1. Can you name every residue in the stretch 58-77 that is over 19 Å from GLU124 (Cα atoms), loosely packed, with under 13 Cβ neighbours inside 10 Å and not basic (Lys, Arg)?
2. With a cut-off of at least 3 residues that are of a type outside the set (Phe, Trp, Tyr) and in contact (Cβ under 8 Å) with a residue 12 or more places away in the chain, name the strands (runs of 3 or more DSSP E) lying wholly within the stretch 1-82.
3. Just name the residue that is surrounded by the fewest Cβ atoms within 10 Å (Cβ to Cβ) out of those in the stretch 27-41 that are closer than 15 Å to TYR65 by Cα and among the hydrophobic types (A, V, I, L, M, F, W, C).
4. Taking the conditions exactly as written (surrounded by fewer than 17 Cβ atoms within 10 Å (Cβ to Cβ), over 11 Å from the mean Cα position of the chain (by Cα) and modelled with pLDDT under 85), does PHE20 satisfy them or not?
5. Residue under question is ILE109, and the condition is that it be surrounded by 14 or more Cβ atoms within 10 Å (Cβ to Cβ), assigned to a helix (DSSP H, G or I) and of a type in the set (A, V, I, L, M, F, W, C); does it hold?
6. Among (1) closer than 18 Å to SER9 by Cβ; (2) at pLDDT 90 or above, where does ARG119 come up short?
7. Given LYS17, LYS73, which one is closer than 30 Å to GLU138 by Cα and out of contact with any His (no Cβ under 9 Å at 6 or more places or on another chain)?
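The values are calculated or read from the model by the stated rules, or taken from the named source; none is laboratory data. Quick caveat: nothing in here was measured; it's all calculated off a predicted structure. Cβ coordinates were reconstructed from backbone atoms using ideal geometry, including for glycine residues, and neighbour counts include every protein chain displayed.
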Amino acid sequence: MKNNNKQGSKLISSNKKAHFDYHLFDKFEAGISLLGTEIKSIRQNGANLKDSYIKITDDLEAYLYNCHISPYKFGNIYNHEPLRERKLLLNKKEILKILNKVKQEKYTIVPVQMYFSSRWVKLEIALAKGKKLFDKRETLKKKDIQRDIQRNK
């Protein structure tokens, strides 16, 4: 586990594809409603945000879909389903703000990273717009240039 940029928190999983595929704008911190075996599995590095996404339902509830949390080794019959939908814990004001941006400005809601904040699991989500192919190429060029600079030092 790496240290996160926030003070006193540990990074669990990050969505590297989000930075490559999207331009990220406003970021929010959301709690996640998890089962006991999910927490134990996350503590053993069993979470993956790749291909996960967030939807807001008509009754103003935010859910995380396609987030893979591995089954807990010692969970027997009470183990959780790895790809189940998980409720995000956000204020109504935050949900309304996100929903307005999504509807008016055609943003997408993307999970960026999952981390421990003291004993709670938090999810950093961002409003994002998809990158075009030439933007992705530009990102790769910048990354290659930075890598070359680091090698030459």
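1. ASP58, ASP59, PHE74, ASN76, ILE77
2. 9-14, 22-32, 53-56
3. Across the stretch 27-41, the extreme among qualifying residues is LEU34.
4. On the way: surrounded by fewer than 17 Cβ atoms within 10 Å (Cβ to Cβ): yes; over 11 Å from the mean Cα position of the chain (by Cα): yes; modelled with pLDDT under 85: yes.
The answer is yes for PHE20.
5. no
6. (2)
7. Checking each option against the conditions leaves just LYS17.
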